[in-house]
Amino acid sequence: MTRILFYLDEPGAEIWQPAFEAAIPGLDFRTYPDWGNPDDGPAYVFAWEPELGLIAKYPNIKAIFSLGAGVDHLTRDPDLPTDIPIIRMSDDGLKEGMAEFVVMTVLMHQRYMPRMLASQRKKKWRRLFPPLARDVRVGILGYGALGEYCAQALKPLGYQIAAWSRTGKTPENGVEHYTGSSEFQAFLKRTDILVGLLPSTPETTNLLNKTTMAMMPKYASIINAGRGTLINLDDMVALLDSGHLSAATLDVFVEEPLDKDSPLWQHDKIIITPHIASITRPDTAAQYVASNIKRIEEGLQPANVLDRSKGY
Ligand code: NAP
Ligand code: GLV
């Protein structure tokens, strides 16, 4: 019998069990804190931000499934065992949800919605005339599962799309590729609307700072749906205030939830969403986990195993 140890410290977590039971016949699904005894036998963990040290107490865990595409909520645990595979979420629901968020927010930035909303709050009838999509250069930071899916979703709208990644990509119609630190500056210089879809690693931390953001064209804007560590927010606010950047939509933050006292909430040029750009959904996630468990049980390599040397 397959055993899953589930951890999600959020209201409504009970909706996960039926989806998993439907996907894996005869499943023993245990929700924290009812995980049973550490020596109860083999099990898989499916978790978001588990308590520090918890997973290390269960020596029979065969694999850890991250409830998200990101793994920083797991690897922050200094006691996390290093010999168990960590499998990243990459189900269809996550990709579709992110594409919807990115299309929505890119359209909002292109059509000057942050400025329109600021005018509305001041009861100002301020008519602005945005460019057409075909005249706007979108740059996607990260061309993995989500970045690529979002680029394909943006294509039919006519944007000039580029993507930046660590390793080279096969040339393709409609997306210009930039690779590695040597091409980062050129990527920034040609980007009017930047979409952050990078994992949090030492290399991506503070990648957007006063020097790099100043390389973007005047009135450029930023959408961050990857991780909060990407941006130095003080530098970003200074560039918004000076008028160099025109807007930012921020879905992710280093500390979540964002502090009630943060001045970002009130900033006229900033739109804040509470880490909902894309949400892992029980039905598609259960199918994804079930198919990976089947692969493991058959002695095959599961899909999307975290490469600990890269951090994603
Ligand atoms: P992925 O498939 O692993 O793709 C990551 C991309 O980032 C790859 O293209 C990779 O380059 C690139 N990259 C990593 N380090 C880099 C570096 N130092 N320089 C340049 N490029 C680098 O991940 P994914 O599934 O697309 O997810 C991306 C991230 O989105 C997740 O890690 C998570 O943090 C975030 N996320 C957020 C939400 C939300 O609701 N806000 C939802 C889901 C995911 P290569 O292609 O060369 O390897
Ligand atoms: C959400 O942030 C994820 O990593 O899937």
_Those strands (runs of 3 or more DSSP E) lying entirely in the stretch 12-97 with at least 1 residues within 16 Å of ligand 2 (Cβ to nearest atom) and surrounded by 15 or more Cβ atoms within 10 Å (Cβ to Cβ)_ = 43-48, 61-66
*How many of the residues making up the stretch 280-291 are open to solvent by less than 90 Å² (accessible area, probe 1.4 Å) and outside any helix (DSSP H, G or I)?*
1
*Test result for Ser262, among the hydroxyl-bearing types (Ser, Thr, Tyr), open to solvent by 30 Å² or more (accessible area, probe 1.4 Å) and away from ligand 1 (no atom under 16 Å from the Cβ)*: no
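Condition check ((1) surrounded by fewer than 19 Cβ atoms within 10 Å (Cβ to Cβ); (2) touching a Lys or Arg at 6+ places or on another chain (Cβ under 7 Å)) across all residues:
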position	(1), (2)
Phe187	no, no
Arg190	yes, yes
Pro199	no, yes
Ser221	no, no
Thr249	no, no
Glu255	yes, no
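Could you tell me whether Gln152 is under 19 Å from the mean Cα position of the chain (by Cα), polar (S, T, N, Q) and under 24 Å from Arg111 (Cα atoms)? Steps first, please.
Working: under 19 Å from the mean Cα position of the chain (by Cα): yes; polar (S, T, N, Q): yes; under 24 Å from Arg111 (Cα atoms): yes.
Answer is yes for this residue.
Within the stretch 292-312, work out how many residues are among the polar types (S, T, N, Q), over 20 Å from the mean Cα position of the chain (by Cα) and surrounded by 15 or more Cβ atoms within 10 Å (Cβ to Cβ).
Count: 1.
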*asked:* Report every pair of residues separated by at least 6 positions or lying on different chains whose Cβ atoms are under 6 Å apart, first residue within the stretch 294-309 and under 13 Å from Pro85 (Cα atoms), second of a type in the set (Val, Ile, Thr) and surrounded by 12 or more Cβ atoms within 10 Å (Cβ to Cβ).
replied: Pro302/Ile87; Pro302/Ile296; Asn304/Ile87; Val305/Ile87; Leu306/Val71; Leu306/Ile86
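Considering each residue of the stretch 46-73, count those that are within 15 Å of ligand 1 (Cβ to nearest atom) and either touching a helix residue (DSSP H, G or I) at 6+ places or on another chain (Cβ under 9 Å) or under 19 Å from Ile24 (Cβ atoms) (or both), and give that number.
Narrowing the stretch 46-73 to residues within 15 Å of ligand 1 (Cβ to nearest atom): 48-49, 65-73.
Filter once more, keeping what is either touching a helix residue (DSSP H, G or I) at 6+ places or on another chain (Cβ under 9 Å) or under 19 Å from Ile24 (Cβ atoms) (or both): 48-49, 65-69, 72.
Qualifying residue count for the region: 8.
Quick one: would you say Ala277 is open to solvent by 30 Å² or more (accessible area, probe 1.4 Å), out of contact with any Gly (no Cβ under 6 Å at 6 or more places or on another chain) and in a loop (DSSP other than H, G, I, E, B)? Give the derivation first.
Working: open to solvent by 30 Å² or more (accessible area, probe 1.4 Å): no; out of contact with any Gly (no Cβ under 6 Å at 6 or more places or on another chain): yes; in a loop (DSSP other than H, G, I, E, B): yes.
Here the answer is no, as Ala277 does not meet what is asked.
Using the structure shown, decide if Val136 is touching an Asp or Glu at 6+ places or on another chain (Cβ under 6 Å), within 16 Å of Ile193 (Cβ to Cβ) and of a type in the set (Val, Ile, Thr).
On the way: touching an Asp or Glu at 6+ places or on another chain (Cβ under 6 Å): yes; within 16 Å of Ile193 (Cβ to Cβ): yes; of a type in the set (Val, Ile, Thr): yes.
For Val136, the condition - touching an Asp or Glu at 6+ places or on another chain (Cβ under 6 Å), within 16 Å of Ile193 (Cβ to Cβ) and of a type in the set (Val, Ile, Thr) - is met.
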*How many residues are open to solvent by 10 Å² or more (accessible area, probe 1.4 Å) and either out of contact with any helix residue (DSSP H, G or I) (no Cβ under 8 Å at 6 or more places or on another chain) or of a type in the set (S, T, N, Q) (or both) when one looks only at the stretch 126-151?*
8
*Go through (1) closer than 23 Å to Phe253 by Cα; (2) open to solvent by 20 Å² or more (accessible area, probe 1.4 Å); (3) among the aliphatic types (A, V, I, L, M); (4) touching a residue at least 40 places away in the same chain (Cβ under 8 Å) one by one and return the number of the condition Leu157 breaks.*
(1)
*Mind listing whichever residues of the stretch 223-247 are touching a residue at least 60 places away in the same chain (Cβ under 8 Å) and either farther than 16 Å from Gly70 by Cβ or part of a strand (DSSP E or B) (or both)?*
Ile223, Ser246, Ala247
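The values are calculated or read from the model by the stated rules, or taken from the named source; none is laboratory data. Here the structure is a predicted model, which means the values were calculated and not measured. Positions of Cβ are generated from backbone atoms using ideal geometry, with glycine treated the same way; all protein chains shown enter the neighbour counts. Calculation scope for accessible area: heavy atoms of the full protein, side chains included, ligands and nucleic acids excluded. Shrake-Rupley method; radii C 1.70, N 1.55, O 1.52, S 1.80 Å.
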